[in-house]
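Some notes on the structure that comes next.
The values are calculated or read from the model by the stated rules, or taken from the named source; none is laboratory data. Because the structure is predicted, anything quoted here is derived from the model rather than measured. Neighbour counts run over all protein chains shown; Cβ positions are idealised from the backbone, glycine included. Side chains are part of the model used for accessible areas, which takes the heavy atoms of the whole protein and leaves out ligands, DNA and RNA. Shrake-Rupley method; radii C 1.70, N 1.55, O 1.52, S 1.80 Å.
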Amino acid sequence: MYDLNKILVGLAIFLLFFTFPILYGMGSAVPAPKPKLDTPEIQKLTDKKCVEDTHFMRTSHMQFLNYWRDKAVREDQRTYDSKLNGKKYDISLQNTCMKCHSNKKDFCDSCHTYASVKPYCWDCHIEPKAAKESM
Amino acid sequence: MGIQFSLGVVLAIAVAALVGAQVKGLQYVLGILLPYAAFATFLVGFVWRVLYWAKSPVPFRIPTTAGQEFSLPWIKQAKLDNPSTLPGVLGRMFFEVFLFRSLFRNTKAELRSGNLVYGPSKWLWLFALLFHWSFFVIAVRHFRLFMEPVPGFVQLFDHLDGILQVGAPPLYLTDVFFTLAILFLLGRRFLDAKVRSLSLPADYFPLFLLLGIAVTGILMRFFVRVDIVGIKSILVGLATFHPTLPDGIGAIFFVHVAFVSTLLAYFPFSKLMHFGGVFLSPTRNLANNNRMVRHVNPWNYPVKVHTYEAYENEFRDIMKDAGIPVEKE
């Protein structure tokens, strides 16, 4: 082998970069977050259902919020008919979503920290009180 | 021919993954065993390939350079293009690896009203640069799905990539750049007859594969949403050797993973090894010091030499008699 020292340094950097997530985790299991649903508002519900189907909410709530925003801000439609059970909801991030999910920290943020997303919505929209105090 | 074949293989992988994703047992193969096998192949294959190259002797310096070599003091040396020292070489390698300096010099030959003319052609360089840098940012961004807690620099990459805050989830700039660049690199092979004539399946296949990876990734982010939290638990499970497989993961995720696994496993045996190869390019990484340092050819057999000194010692008297000048009396 020629210039082996230099080549080994290069290969070490290569291996470090690609195995970084493995070395970082050090083989210790990390459980996925379980968003908490134990808010007063949800406990009051007889039929514990979100605005739409749970799987849809879990995967697509950000697109759904975007859709709601467009409905409210661009089309001035402030009520939404759920396709799940035909219930009517006020289109509002603060007063609808966050009324049921008033535990922002244990609900929204538990997933968001895990997935490393920081929705910038709260630059303008107001977080539920409980979450704010504990922040 | 190469086009249909490569596209066919990529589509076959997609179909196989889509079918496999319908069965829980095969999901385990696609989502856990395949990535492990592919990643191991990638690491071992890459290292093997580089060590194989390291066995090639480097008998002397190959100065195919674009500048004046080190010479007399009053001749200006092109220190970056024709370095004779280590810092110079590091500089040249830096510009080569990070900015594709050689490709920047790419020219294009064209027949214009019967004359062959050469002109600059920077498009390939531009899109190659866009492609590679986007790929790098995308790779680093993906660390957020493998690591918990997510390190700050990964969050920073993510933040900067989505800085335009278009839509929710925000549009990533690199998604746009990467896809455009791939389409350019493919289009170049489709449309330019000169390039098409020397394109092989080995050229089309990686491009289609990368396009497939980009398309499935973009679909998952913006159009066929998947459960990111569930997916992260799979990927963290892979990285920590505690594999898990939650229910309700969209089939498209398995297509994405099958594509990426194919890319990883194919990598060490393909032209994509230029990732390692660029660092081992003899015309880039060797200082042009042919005339300053003695480079011994490593495969030289011992040559029986007869120096002039020895020759003169042997024949001095005869030379003197014949009136031939000698160095030592």
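Looking across the stretch B:282-304, the residues that are open to solvent by 30 Å² or more (accessible area, probe 1.4 Å), out of contact with any Phe, Trp or Tyr (no Cβ under 8 Å at 6 or more places or on another chain) and closer than 25 Å to B:H132 by Cα come down to B:P282, B:T283, B:R284.
From the set of residues in the stretch A:33-68 that are closer than 13 Å to A:S102 by Cβ and open to solvent by 60 Å² or more (accessible area, probe 1.4 Å), which is farthest from the other protein chains (Cβ to nearest Cβ)? Of everything passing the filter in the stretch A:33-68, A:K44 is farthest from the other protein chains (Cβ to nearest Cβ). Only residues that are within 21 Å of the chain's Cα centre (by Cα), surrounded by fewer than 17 Cβ atoms within 10 Å (Cβ to Cβ) and within 16 Å of A:K6 (Cα to Cα): list them for the stretch B:50-66, please. B:L51, B:Y52, B:W53, B:K55, B:S56 - these are the residues of the stretch B:50-66 that are within 21 Å of the chain's Cα centre (by Cα), surrounded by fewer than 17 Cβ atoms within 10 Å (Cβ to Cβ) and within 16 Å of A:K6 (Cα to Cα).
Just one of the numbered conditions (1) more than 14 Å from chain A (Cβ to nearest Cβ); (2) free of Cβ contacts under 8 Å to residues at least 40 places away in the same chain; (3) under 19 Å from B:H274 (Cα atoms) is not true of B:D203: (2). For beta carbons closer than 6 Å, sequence separation of 6+ or different chains, a first residue in the stretch B:29-56 that is within 10 Å of chain A (Cβ to nearest Cβ) and a second that is hydrophobic (A, V, I, L, M, F, W, C) and assigned to a loop (DSSP other than H, G, I, E, B), the qualifying pairs are B:A54/A:M1; B:K55/A:M1.
Does B:V326 count as surrounded by fewer than 17 Cβ atoms within 10 Å (Cβ to Cβ) and touching a Lys or Arg at 6+ places or on another chain (Cβ under 7 Å)? Reasoning before the result, please.
Numbers: surrounded by fewer than 17 Cβ atoms within 10 Å (Cβ to Cβ): yes; touching a Lys or Arg at 6+ places or on another chain (Cβ under 7 Å): yes.
Considered against the rule, which asks whether it is surrounded by fewer than 17 Cβ atoms within 10 Å (Cβ to Cβ) and touching a Lys or Arg at 6+ places or on another chain (Cβ under 7 Å), B:V326 comes out as yes.
Whether any residue in the stretch B:261-270 is surrounded by fewer than 19 Cβ atoms within 10 Å (Cβ to Cβ), in the same structural domain as B:A54 (by TED's automatic domain parsing), in a helix (DSSP H, G or I) and over 26 Å from the mean Cα position of the chain (by Cα) is what I want to check. So far as the stretch B:261-270 goes, no, none of its residues is surrounded by fewer than 19 Cβ atoms within 10 Å (Cβ to Cβ), in the same structural domain as B:A54 (by TED's automatic domain parsing), in a helix (DSSP H, G or I) and over 26 Å from the mean Cα position of the chain (by Cα).
Is it fair to say A:K71 is part of a helix (DSSP H, G or I) and without any contact (Cβ under 8 Å) to a residue 40 or more places away in the chain? It is true that A:K71 is part of a helix (DSSP H, G or I) and without any contact (Cβ under 8 Å) to a residue 40 or more places away in the chain.
Across the stretch B:135-151, which residue is surrounded by the most Cβ atoms within 10 Å (Cβ to Cβ) among those that are facing chain A (nearest Cβ under 7 Å) and not aromatic (F, W, Y)? So the residue we want is B:E148. Among all residues of the stretch B:89-111, there is at least one that is outside any helix (DSSP H, G or I) and among the acidic types (D, E).
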